[in-house]
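To start, the structure itself, in structure tokens.
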2 protein chains.
Amino acid sequence: MSTNTETTAATIRLSRRWHYAREQAISFLMQQAVENPDVISLAAGLVDSQSLPVAETRTALAEIFEDESRARQALQYGTTPGAEDVRLAVLDHFARQERCPTKDLGIDAGQLVLTTGSQQLLSIVCEILLDEGDICLVAGPTYFVFLGNLNGVGAEAVSVPADENGMLTGALDNTLAELDRAGQLDRVKMIYAVSYYDNPSGTSLSPERRREIVEIARRWSRRQRIFVLEDAAYRELRYDGPLLESIWSCDESRQHVIYTQTYSKTYSPGLRVGFGVVPRELVGPICDRKGNEDFGSANLNQRLIACVLRNGLYDKHVEDVQTAYRRKRNAMLAAAEEHFSKLAGVTWVHPHGGLYVWMSLPEQIHTGFNSPLFDRAVHHEGVMYVPGELFYAGERAERPAHQMRLSYGVQTPDGIREGIARLARAVKSVI
Amino acid sequence: MSTNTETTAATIRLSRRWHYAREQAISFLMQQAVENPDVISLAAGLVDSQSLPVAETRTALAEIFEDESRARQALQYGTTPGAEDVRLAVLDHFARQERCPTKDLGIDAGQLVLTTGSQQLLSIVCEILLDEGDICLVAGPTYFVFLGNLNGVGAEAVSVPADENGMLTGALDNTLAELDRAGQLDRVKMIYAVSYYDNPSGTSLSPERRREIVEIARRWSRRQRIFVLEDAAYRELRYDGPLLESIWSCDESRQHVIYTQTYSKTYSPGLRVGFGVVPRELVGPICDRKGNEDFGSANLNQRLIACVLRNGLYDKHVEDVQTAYRRKRNAMLAAAEEHFSKLAGVTWVHPHGGLYVWMSLPEQIHTGFNSPLFDRAVHHEGVMYVPGELFYAGERAERPAHQMRLSYGVQTPDGIREGIARLARAVKSVI
């Protein structure tokens, strides 16, 4: 028996994979928020607390717990992909969004997997498909947490330029042709796209590009299948603009698109319920992996979501949420117009949904953590944003460094207006 | 635009890791259960449905939802390791089990991470610590899902023999000495032990061996730290026998033991709340990995657990669960005595807690999926068990093939008696 407390211990040798996954950006942002509590955060990707569905959830829980056997079922294990009756309710919800009867979708509930938010599906897809050195094509900019997933498995994210209609499909095709000429096509496994109101850019892929991306994935699937990973996290956070068909719907073969969506943005992130609609051959591998990770996400939460999907409270709540965020989006755009429109070289995207306004400053104005602007904004003006460079793949020195992601999710309209005014003062001070 | 539905699609190339993780055993068992609905399953590791805490959960949910701001907090994102106030409640619970005031534990809530069951912690620990070819020492037999986690990262499980007091520490020390002589010590990262009422063997490590395992890990940590991963999933499912100190408590340095526990067995698996108490230097790597996987498990469920821990409903419920399982354990042991005691060469372990009775048949009687016994049991007698060979590491041909894990978790005492009677008939028919 050891009686002395050791003063030193042997070195810890962490896995190679852990070293890939290491990413301090989020921690740094959270630390800044904690250290500067009076700062107005336009950085946090959280949802609006005031519109969380307290009454709806109370009703759904009462419905589940009024019946002993229903309550017991919710407190017992589900299955790894989620209980079948829950998956049927989610499939019906998916069909409503597709404006297609469930029976005509061309898939069944066996191709639907419930996960801990959609994030877990993104993570699992990387685990089962990507080896070290494999390539995933992404828009520049793209969702930075997903870049962390790619890093985490040692895969390479290759950026494809994007405009206000999303990833440029001509550039996507050219990139694949270049990779082919370089003998690298075998490394390409996936194309990732946030298809609705992108995080961070706020843009949506045009209908033509949705079809083209599927066609390109199909055409370049020579030696192995290239999947399109469609991240539809913000699909239902639509405030105006056209109703857009999913990339998934453009893939009549049902073999190329992996579709993910979450109830975190439209209902409650505290429940962590998301789902994937996946090609049949991937169901087994995804469930094997998920079985190893957790044997299935919380059954109670999945049943709660199924309950509000069935009794109509979910659809009603989504309308409330849309109204609340539309007001906030309008507040941010109006404030941007008021404070930034006279600044030469400052532009921003008008989003039709989602939670983000993507702003570009003149190229010489850097926005990174070590920039004079970030310092000025956080420590003098009391406002925080996410530096745009975090959303690009590749070497940091080569990434655009003059952009910012501004979120209107958390703040009130007044907070948003004040935040944008502060940010404008910070920008003016360094321009 | 593609107008034709494809009839064939390119081959899918899954990751190397996925191929490691592939494991059909569970699927095969579940399929057997579905195809043979009249079978009495002594295989399922589920918990007893009748004792699930419906009333307790109803009360806790009412407490959370009676206050708007408390409800909103539960429906919002938590943080990756779980909200701090929840972690404090769990730390107090851990301290009560350690029979030590929280302030004297030598750790704080910062070293506690909440996960999706304890399974997610086991999985994450493998991800952050183990590279392909690294070694984890395990008891033979051991928890087979954890063997899947080791396979999943390409690590090697090296078996150490065990007896009724758990892993043989002399053999553990010898195995390490052999690995050292073979120049393989650098590959050893971890020793895994289910410390209370082991799954599958039902045994608990003796107090001496708990201390020795920590001492051995410390002593062999020459080039890198060797961790002890203590899986205390069944700790509170104690029916009689001594109160055992944790392996964690034997590590005064707080640097070698990673402790995991779950609320799935004692409260509800449908909530998926587990936790780890980990050495300080591992907190960051674990949270980085968990951030990539899901940004944190369901906040509502964690707050629900914190609520029943604080208001005393949890402790009360644990007593009820102990009473229910004690009765079932007694039923299984009595039935085994009645039906198996006259069969030469059949032995079983008397567990003081947990959910399993581990039974050994004469060596020539194989129990595997393809054995005459399994066929006889499932298709003629209508009873199912888990073949013992699944619980061993290494080549299948070299594993003991004459054992069975019998669970008393799901069935009623009558179902258990009938299941054991059927199993005895099946065994007699092949002996």
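Nothing in this text is a laboratory measurement; each read-out follows from the coordinates by a stated rule. None of these values were measured; they are calculated from a predicted model. Neighbour counts are summed over all protein chains in view; Cβ atoms, including those assigned to glycine, are modelled from backbone coordinates with ideal geometry.
Quick rundown of the values:
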{"read-out": "Ellipticity estimate at 222 nm from DSSP helix runs (n ≥ 4, -39,500 (n - 2.57)) divided over chain B, nearest 500", "value": "-13000 deg cm²/dmol"}
{"read-out": "³J(HN,Hα), Karplus 6.51/-1.76/1.60, whole Hz, each residue of the stretch B:344-356, x for Gly, Pro", "value": "4, x, 9, 9, 8, 8, 8, x, 8, x, x, 10, 10"}
{"read-out": "Shielding by partners - mean other protein chain Cβ count within 10 Å, residues of B:147-159", "value": "1"}
{"read-out": "Axial C-alpha extent at least 27 Å, average Kyte-Doolittle at least 1.6 - helices from chain A (DSSP)", "value": "none"}
{"read-out": "Shape parameters for the stretch B:137-271, alpha-carbon atoms, Rg then Dmax in Å", "value": "14.6, 47"}
{"read-out": "Efficiency of FRET between A:SER51 and A:THR79 - r from beta-carbon atoms, R0 35 angstrom, step 0.05", "value": "0.60"}
{"read-out": "Choice from A:ARG72, A:ARG254, A:ARG417 with maximal GNM fluctuation in chain A (Cα, 10 Å cutoff)", "value": "A:ARG72"}
{"read-out": "Which of B:SER297, B:SER159 has the fewest Cβ neighbours within 10 Å, and the rest in rising order", "value": "B:SER159, B:SER297"}
{"read-out": "Other protein chain Cβ atoms within 10 Å, averaged over every residue that makes up A:69-82", "value": "5"}
{"read-out": "Quotient of Cα Rg and 2.2 N^0.38 Å for the stretch A:22-101, N being how many residues it contains", "value": "1.69"}
{"read-out": "Furthest towards positive pole of dipole, B:GLY312, B:ASN151, B:ALA71, structure part the stretch B:54-313, Cβ charges", "value": "B:ALA71"}
{"read-out": "Test item: Cα-centred dipole of the stretch B:175-260, Lys/Arg +1 and Asp/Glu -1 on Cβ, debye", "value": "420"}
{"read-out": "Other-copy label distances relative to A:VAL34, 7 angstrom Cα-Cβ extension, nm", "value": "4.5"}
{"read-out": "Fully extended contour minus Cα-Cα distance, from A:ASP240 to A:ARG425, at 0.36 nm per residue", "value": "63.6 nm"}
{"read-out": "Reachable lysines from A:LYS316, criterion Cα separation under 22 angstrom, eight or more residues apart if same chain", "value": "A:LYS265, A:LYS328"}
{"read-out": "Inter-copy spacing of B:GLU281 label points, which lie 7 Å from Cα along Cα→Cβ, given in nm from shortest upward", "value": "4.4"}
{"read-out": "Contact order normalised by residue count of the stretch B:280-431, Cα under 8 Å, 6+ apart, percent", "value": "24"}
{"read-out": "Cα-Cα P(r), chain A, percent of pairs per 20 Å interval", "value": "25, 55, 19, 1"}
{"read-out": "Residue order, fewest to most beta carbons within 10 Å, for A:PHE94, A:PHE227", "value": "A:PHE94, A:PHE227"}
{"read-out": "Mean separation of Cα contacts under 8 Å, 6 or more apart, over the residue count of chain A: relative contact order %", "value": "23"}
{"read-out": "Net dipole in debye of the stretch B:54-313 [+1 Lys, Arg Cβ; -1 Asp, Glu Cβ; about Cα centre; nearest 20]", "value": "260"}
{"read-out": "Relative compactness, the stretch A:246-400, computed as alpha-carbon Rg over 2.2 N^0.38 Å", "value": "1.39"}
{"read-out": "Check: the protein assembly as shown dipole with +1 on Lys, Arg Cβ and -1 on Asp, Glu Cβ, in debye", "value": "100"}
{"read-out": "For the stretch A:108-191, convex hull volume per residue from C-alpha positions, Å³", "value": "123"}
{"read-out": "Amide H within-cut-off set for B:ALA162, under 5 Å, with H built and near neighbours excluded", "value": "B:GLY140, B:LEU168"}
{"read-out": "Other-chain or far-sequence residues with amide H under 5 Å of B:LEU237's (modelled H)", "value": "B:GLY354"}
{"read-out": "Residues with amide H under 5 Å from that of B:LEU229, placed H, sequence gap 5 or more", "value": "B:ILE191, B:TYR192, B:ALA193, B:ILE258"}
{"read-out": "Shortest-first distances to equivalent copies, position B:GLU338, nm, label 7 Å out along Cβ", "value": "8.1"}
{"read-out": "Charge tally in the Cβ shell below 12 Å around B:ALA62, where Lys, Arg are +1 and Asp, Glu are -1, B:ALA62 excluded", "value": "-1"}
{"read-out": "Span per principal axis, largest first, for the Cα atoms of the protein assembly as shown (Å)", "value": "92, 65, 59"}
{"read-out": "Equivalent ellipsoid semi-axes, the stretch A:54-311, via Cα gyration tensor eigenvalues times 5, rooted, Å", "value": "33, 20, 16"}
